[in-house]
Structures are given as structure tokens and as C-alpha cells.
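Take a look at the structure below.
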Amino acid sequence: MHSVSIKNLDLMFDQVPVLQNLNLDIEKGEFLVLLGSSGCGKSTLLNCIAGLLDVSAGQIWINDRNVTWEEPKDRDIGMVFQSYALYPQMTVEKNLSFGLRVKGVDKEEIARRVANAAKVLQIEALLQRKPAELSGGQRQRVAIGRALVRDVEVFLFDEPLSNLDAKLRADLRIEIKRLHQKLKNTMVYVTHDQVEALTLADRIAIMKNGVIQQLSSPDDIYHTPNNLFVAGFIGSPSMNFLHGSCENGVFTCQKTGHKDVVIDLSRYPFKEAMSKKTSMILGIRPEHLILVEQQQDVPFSVEVQVDIIEPMGSETVVWFELQGQSYALRLHTENHIQVGSTITIGFDPVKAHCFDSATEQRL
Amino acid sequence: MAHDITPSGPKPSRLSVARIGVYGFLAMSAIFFAIPLYVMIVTSLKGMPEIRLGDLFALPNDPSFAAWVKAWAQACTGVSCNGIHEGFWNSVVITVPSVVFSIMLGAINGYALSFWRFKGANIVFAILLFGAFVPFQVVIYPLIIFLREVGLYGSLTGIVLVHMAFGMPIMTLLFRNYFSSLPEELFKAARVDGAGFWQIFFQIVMPLSVPVTVVAVILQTTGIWNDYLLGLIFAGHDNLPMTVQLNNIVTTTFGVREYNVNMAATMLTAIVPLAIYLISGKYFVRGIAAGAVKG
Ligand SMILES: Nc1ncnc2c1ncn2[C@@H]1O[C@H](COP(=O)(O)OP(=O)(O)OP(=O)(O)O)[C@@H](O)[C@H]1O
Ligand SMILES: [Mg+2]
């Protein structure tokens, strides 16, 4: 049984298609994150699930019920907005209870549920305040509480933490995760912050231009990205890419005026064997590049010059140049490296990612 | 080293040439509008012999409210000589429902147009806007025929309907612009919470619309209170508003012209809009600005 099921969904704004033939099944109790850059249609998809936008074609099922044309209130969903959207003229308590009062739930039940939600979210002391008298984090809690009191099956979050500072964001992220473990509701969470996505999600759907590029576990997305976009989107600094070609298991990257880079890919697990010469993009994450002095036995190594060093506390990002292009390498801070020095770097091709230059799909 | 250098220079003088110019202009404008008011008030407090001296700006020797009393209760407004107090109450009876209903209509229109973007909403809005620019003299005759056909010509209901119709475009525009400055997510949140059209309107949107409602009240009250033509045409003989009666007093052709009574009657007529401005001037500016920021 799927908690939310989206079937062949199309959505257009004035003839401009934003979502096209989108299919997505979300399991009961799953934490699904929609991740993508700005304007790719994440909020639009969430609004469609909530019933705040009329779909152009396709169906939306929630709890095995076709809710495509139902009002938001009849879909058994709660939504948390980026701007919190608390009712400014009402106290926190009234904000929490508004949905229940509209529904005509009796007073005792309302009081019980509000008290319960306030306890879970630790906002009991704030119940008589107006939203203007709350901090950003407190407002966000109230916004979550508003969905909580309604006791819904599916929680929809639209970038709930993006208006908060980094510290608070990290704190609330953990709280949301804890909340999910406690409630076991289905949660659909929109963000463009990959750290949020990787830490919270059971599965991540990466979107680009209204199309889901890959839908899998955070682990999968990180280790075996489906295509070039996903590979470049996840990871910070993002993956290093070398453009070249591959023949007989050997990758060659040529550039006039520079030494050729030749990498033996015999250990790389290709999806299917390549018969002829293929134009290819090879990707390697900065954290999978190593300094060769330490670990002599690497299939590929090359000498490069250090360009820029970015210390980041526990780690250092080292930028170097290869064939006139800039690449990144992530190291522990203990490795003291000077700008301008020459280092030997290398990697194990097993950790590389190969993509077809034409289709941008994983090979 | 001599300490003759102040770090950031002398404090800038407050009275620059530009400032003096601005203050001068403001003072002139204030005087321009205040002088007629002053003349009216002093004249209304004088007796006729004193007025005949022709010294327009002199303060009254023996200030008396006799002219005010006469204007209120005894001056002749056409056939009857009961002063303008009847007209005052007529105006109240016309203005209150007209203001209330036209604002409600405008608020509901604006709400529907900005939050419930139904099919054709833009066309409806364009037509309404067009309505705001049609000179109302043009539609008076068809309106008379229409009201006569439905049997409301010359009745209180008729004049209230007319005021609602003429107030609708500007009220809708005012409210729509204000509502489009409210965050849309608020409205979405209320829908997810299960509130319907009217619940969102009364419980979420209107409580946030106090400033714009104050502006609407001011605009409509002054507009409708000061109206002469529509009242004269549509209100019917029993409901003639104060402005019509004032006109009758001032243009009476027999007997001496009692300037003090005329002035007093005019002041009495102007008191309501004047009071409204004085009480709510602050909100007025605020609301206009709020509506103007986003459109
Ligand atoms: N009401 C609208 N009318 C027309 N186009 C719209 C409307 N709302 C969104 N769009 C367009 O649809 C696309 C997707 O918008 P959407 O808000 O879903 O993006 P998003 O992925 O949520 O981005 P962000 O991360 O910035 O919130 C954008 O290109 C946007 O311009
Ligand atoms: Mg968005």
C-alpha cells in the first residue's frame, strides 16, 4: 500500500509545462525528500499533492484513494510552509487549534490535542503569545504543530528550515528526524539543501526541470549517481569531471599543450562492456582523491601544483590544476600543504563514476 | 598639536535654503486652505449688522451661536422651515448603510479576485477598473429607468444601491491591491486547515485588513456624505440628504441673505467628513501607503 502515489502528473502554468508525466510512489511511513535547484518545480509538486494547485492531467492518490479533485482539507495532509504562514492576529494556541475549530471538533478534544502537540514540540510556554513575539525557530515549531494537531497521515514540508540560521537549522533538522521516528507518518520534504536531504531522507528524489532524475536512498544517490546531473548536484565541493574518451578499458584525456592523462579503468564496474571507443566523462569526488605519498599502491597517480587552500576546520579543500582546469581534493587538516607546492595525487578507479558524454547517463 | 579639527565637521545646520523653501510652501498651502475656513467660522459667529460692515477677517465683537441654532432648526429649506437637521438625519441614514455595504462588496470582490483566481478573474477586474473611469453622469439616465422599472426609484434602498454601484470599482481596486500584499501562503495554510471561502475571509483576511478598511471608510463616508447630485436624483423627496437642503438654504431667493446662517449650515454639513479626517488621519496615510506599495 502506498501512502502517496502520483500517476502521470502534468502541470502547466499558462501553457508552460512545469511538471511533465511525473510518477512517484511513496511508501507508508517513508521520509521522502524532494531535492533540486531553485525553480525546478519542487514546490509546485508539493502544492499539487496538497491540492492547492489544480493538476493539468494525471492522478494523485493518497492512502489508496484518488484525491485528484478533492479539497486540501479532505486529503488527510498537513503542510508546513517556508514562510511559516502563521496567522498573525491569533495566539499560538489559536493558530494550532484553527483547523480543529473550523472542523467543529469539541473543545476538550481540541485542548487535549493542542496540549499534546505543544508538549511534543516544547512550545507550552508560548501558547498565549502572538507569532510576532516568537523567534524564527519557535515560529517554525508552531507551524509544524499546526500540522501535528490535525493528526494527519501525510506531512508536507516546503523548505521549512531555509529561513533559519545554520545552527538552528541543524538543531531543527534533528528534531524533525526525531519527530518522524516517533510519529512514523509519511513525510514529503522539499529542500535545496543537500545536507538536509542526505541526513533526513529514507529516499531522495532529485529533480531537474520538473523531471525526477533519480529516486533512491541517500547512500545510492551518493555512491552510484544515475547521471551527470545527479553526480554534480550532490557533494560539496562537487565532483571533479574529466572529459575524454575510453577504449579497451583505458580512459584518455587529451588536451593540446598538456600532458595526456591516461587512467586504467579495468577495475571499474561498467554496467555493460564497451565494444568501441566511447566519448566519456569521468567523475571523482574530492574526498576520494588521495595524496600518494601516504598510500603508494594506487592504480592512477599524477603530479599537480597546489593552487588554493580552503581550510574548513576538520578538513581542508585543496584546489589544484590539471590540464588547465581547476579540481578539488578533500584532505584531513593534519596534511600540511603549502600553496604552490607540488603534490602527487591519485585515486582508485573503483571509486570513479563514468558517464556517457552524449546521453550523460552512467556507464 | 592644535585641537582645531573636529573629526566629522560641524553639526549640519538644520535650516538650509531648501528647508526654508519647503516650510514656506507648506505654510502657504496651509493658509490657502485655512483662510476660507476661518472666514466661515467667524462669519457664522457674527450677527447680520456686523457682517454688513464688510470686514471679512475681523473677529466677531459679540460671538453668538444664534446663527448655528437657526441653521440647524429654523432655516427655510424650500417649503418647510425646520432647518437642516432633517437633512442631517437623512444623510446619516443614507451614508451608514451605503458605506457599510459598499465596503463589504469591495472587500469581497477584492478577496475573490486576489485569492481565488477563478477563470476570467482578470477580465472581471478589467471591467471593474473600466467602471472606475466612466463619468457617472453618463449612466444616470439608464440608472433612473432601471430603478423605476424595479420600483426602487426615489427610495432609500434605491439611493443605497446607487452608492454601492458607484463605490464598487474603487473599493474593489483598493482591497484587491491590499490583499495582494498579504502573503499567499497564509491563504494556502488556511485552506489546508480546512477553512472555506467565508471562514478565510472573516477569520483570516479581514482581521489583517484594518488599515485598508479605515481608508475605505474615510473615502466612502466623505464621498457619500458630500454627494449632492445622486442624492437629489435618486433619494426621493423624503430622503433628501443634507447637501441638497444646504443648497436650498443658500440659494433661497426671498428675504435677506443671512450669510451667518449660510455659513453655519455649511459648517454643520462639513462637520462629519472633517471629524472623520481628524480622527483617522494617521490610518489614512498608512493605509494608502500600504496599498500603494504593491499592486
Ligand atoms: N503561479 C505561477 N505562474 C506561472 N509560473 C509559475 C508559478 N509558480 C511557479 N511557476 C514556475 O514554475 C516553476 C517551478 O516553480 P516552483 O515554485 O515549483 O520551484 P521550486 O522548485 O519550488 O523552487 P524554489 O526552490 O526556488 O522554491 C518555476 O519556473 C516558476 O517560474
Ligand atoms: Mg519552492
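The values are calculated or read from the model by the stated rules, or taken from the named source; none is laboratory data. The shown structure was predicted, so the numbers you read here are calculated from the model rather than taken from an experiment. Counting neighbours? That spans all protein chains shown, and the Cβs are built from the backbone with ideal geometry, glycine included.
Table: residues versus (1) more than 26 Å from the chain's Cα centre (by Cα); (2) more than 10 Å from chain B (Cβ to nearest Cβ); (3) at pLDDT below 95.
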{"site": "A:GLY39", "(1), (2), (3)": "no, yes, yes"}
{"site": "A:LYS42", "(1), (2), (3)": "no, yes, yes"}
{"site": "A:ASP54", "(1), (2), (3)": "no, yes, yes"}
{"site": "A:ALA57", "(1), (2), (3)": "yes, yes, yes"}
{"site": "A:LYS73", "(1), (2), (3)": "yes, no, yes"}
{"site": "A:SER83", "(1), (2), (3)": "no, no, yes"}
{"site": "A:MET90", "(1), (2), (3)": "yes, no, yes"}
{"site": "A:LYS103", "(1), (2), (3)": "yes, no, yes"}
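From A:PRO225, A:PRO237, grab the single residue that is away from chain B (no Cβ under 14 Å), away from ligand 1 (no atom under 16 Å from the Cβ), over 21 Å from A:ASN23 (Cβ atoms) and not aliphatic (A, V, I, L, M).
Numbers: A:PRO225 fails: over 21 Å from A:ASN23 (Cβ atoms).
Just one listed residue meets the conditions, A:PRO237.
Consider A:ALA125 against the criteria (1) part of a helix (DSSP H, G or I); (2) of a type outside the set (S, T, N, Q); (3) within 13 Å of chain B (Cβ to nearest Cβ): it satisfies all of them except one. Which criterion is unmet?
Of the numbered conditions (1) part of a helix (DSSP H, G or I); (2) of a type outside the set (S, T, N, Q); (3) within 13 Å of chain B (Cβ to nearest Cβ), the odd one out for A:ALA125 is (3).
Within the range A:59-71, work out how many residues are of a type in the set (S, T, N, Q) and within 12 Å of chain B (Cβ to nearest Cβ).
The total comes to 0.
Going through the range B:126-156 one residue at a time, which ones are loosely packed, with under 14 Cβ neighbours inside 10 Å and either of a type in the set (Asp, Glu) or over 20 Å from the mean Cα position of the chain (by Cα) (or both)?
Result: B:ALA126, B:ILE127, B:PHE130, B:VAL138, B:TYR141, B:PRO142, B:ILE145, B:ARG148, B:GLU149, B:VAL150, B:GLY151.
Among the residues of the range B:213-237, write down those that are surrounded by fewer than 21 Cβ atoms within 10 Å (Cβ to Cβ), at pLDDT 90 or above and not in a helix (DSSP H, G or I).
B:TYR228
Of all residues in the range B:197-226, how many are over 25 Å from the mean Cα position of the chain (by Cα) and facing another protein chain (nearest Cβ under 8 Å)?
Count: 3.
Please go through the range A:16-46 and pick out each residue that is among the basic types (Lys, Arg) and within 16 Å of ligand 2 (Cβ to nearest atom). Explain how you work it out, then say what you get.
Taking the range A:16-46 and keeping what is among the basic types (Lys, Arg), we get A:28, A:42.
Residue satisfying the conditions is A:LYS42 alone.
Could you check how many residues of the range B:197-238 are touching a residue at least 40 places away in the same chain (Cβ under 8 Å) and aromatic (Phe, Trp, Tyr)?
4
Does the range A:141-175 hold any residues that are at pLDDT 90 or above and within 16 Å of ligand 2 (Cβ to nearest atom), and which are they?
A:ALA143, A:LEU156, A:PHE157, A:ASP158, A:GLU159, A:PRO160, A:LEU161
Within the range A:175-190, how many residues are more than 13 Å from A:ARG141 (Cα to Cα) and more than 16 Å from ligand 1 (Cβ to nearest atom)? Spell out how you get there, then give the answer.
Restricting attention to the range A:175-190, the residues satisfying the condition of being more than 13 Å from A:ARG141 (Cα to Cα) are A:177-178, A:180-190.
In the following step, the residues that additionally are more than 16 Å from ligand 1 (Cβ to nearest atom) were identified as A:177-178, A:180-187.
Selection size over the range A:175-190: 10.
Within 16 Å of ligand 1 (Cβ to nearest atom) and more than 13 Å from every other protein chain (Cβ to nearest Cβ): which single residue out of A:ASP165, A:ASP193, A:ASP158 fits that description? Walk me through how you get there before you give the answer.
Numbers: A:ASP165 fails: within 16 Å of ligand 1 (Cβ to nearest atom); A:ASP158 fails: more than 13 Å from every other protein chain (Cβ to nearest Cβ).
Sole residue among the options that is within 16 Å of ligand 1 (Cβ to nearest atom) and more than 13 Å from every other protein chain (Cβ to nearest Cβ): A:ASP193.
Kindly indicate which of B:PRO97, B:PRO60, B:PRO36 is loosely packed, with under 12 Cβ neighbours inside 10 Å and not aliphatic (A, V, I, L, M).
Sole residue among the options that is loosely packed, with under 12 Cβ neighbours inside 10 Å and not aliphatic (A, V, I, L, M): B:PRO36.
Applying the selection to the range B:175-196, what residues are touching a residue at least 12 places away in the same chain (Cβ under 8 Å) and facing another protein chain (nearest Cβ under 10 Å)?
Taking the range B:175-196 and keeping what is touching a residue at least 12 places away in the same chain (Cβ under 8 Å), we get B:175-182, B:184, B:186-187, B:190.
B:LEU182, B:GLU184, B:LEU186, B:PHE187, B:ALA190, listed by residue number.
What are the residues in the range A:1-15 that are within 16 Å of ligand 2 (Cβ to nearest atom) and away from chain B (no Cβ under 14 Å), if any? Spell out how you get there, then give the answer.
Pass one, the range A:1-15, residues within 16 Å of ligand 2 (Cβ to nearest atom): A:11, A:13.
Within the range A:1-15, just A:LEU11 meets the criteria.
Here is a check on your reading of the model: is A:VAL55 within 16 Å of ligand 2 (Cβ to nearest atom), in contact with a Ser or Thr (Cβ under 7 Å, 6 or more places away or on another chain) and of a type in the set (A, V, I, L, M)? Give the steps one after another, and end with the answer.
On the way: within 16 Å of ligand 2 (Cβ to nearest atom): no; in contact with a Ser or Thr (Cβ under 7 Å, 6 or more places away or on another chain): yes; of a type in the set (A, V, I, L, M): yes.
Against the criterion (within 16 Å of ligand 2 (Cβ to nearest atom), in contact with a Ser or Thr (Cβ under 7 Å, 6 or more places away or on another chain) and of a type in the set (A, V, I, L, M)), A:VAL55 does not qualify.
Determine, yes or no, whether A:VAL67 is within 16 Å of ligand 2 (Cβ to nearest atom) and in the same structural domain as A:ALA147 (by TED's automatic domain parsing).
Numbers: within 16 Å of ligand 2 (Cβ to nearest atom): no; in the same structural domain as A:ALA147 (by TED's automatic domain parsing): yes.
No, not satisfied.
Based on this model, can you work out whether B:PHE187 counts as assigned to a helix (DSSP H, G or I), modelled with pLDDT of 85 or more and crowded, with 18+ Cβ neighbours inside 10 Å?
Numbers: assigned to a helix (DSSP H, G or I): yes; modelled with pLDDT of 85 or more: yes; crowded, with 18+ Cβ neighbours inside 10 Å: yes.
Spelling it out, B:PHE187 is indeed assigned to a helix (DSSP H, G or I), modelled with pLDDT of 85 or more and crowded, with 18+ Cβ neighbours inside 10 Å.
Can you go through B:THR172, B:THR157 and tell me which one is more than 14 Å from every other protein chain (Cβ to nearest Cβ) and free of Cβ contacts under 8 Å to residues at least 12 places away in the same chain? Before you say what the answer is, go through the steps one by one.
Numbers: B:THR172 fails: free of Cβ contacts under 8 Å to residues at least 12 places away in the same chain.
Sole residue among the options that is more than 14 Å from every other protein chain (Cβ to nearest Cβ) and free of Cβ contacts under 8 Å to residues at least 12 places away in the same chain: B:THR157.
Return the residues of the range B:84-111 that are over 17 Å from B:PRO241 (Cα atoms) and touching a residue at least 60 places away in the same chain (Cβ under 8 Å); say none if nothing qualifies.
Just the residues of the range B:84-111 that are over 17 Å from B:PRO241 (Cα atoms), to begin with: B:100-111.
The answer is B:PHE101, B:SER102, B:ILE103, B:LEU105, B:GLY106, B:ALA107, B:ILE108, B:ASN109, B:GLY110, B:TYR111.
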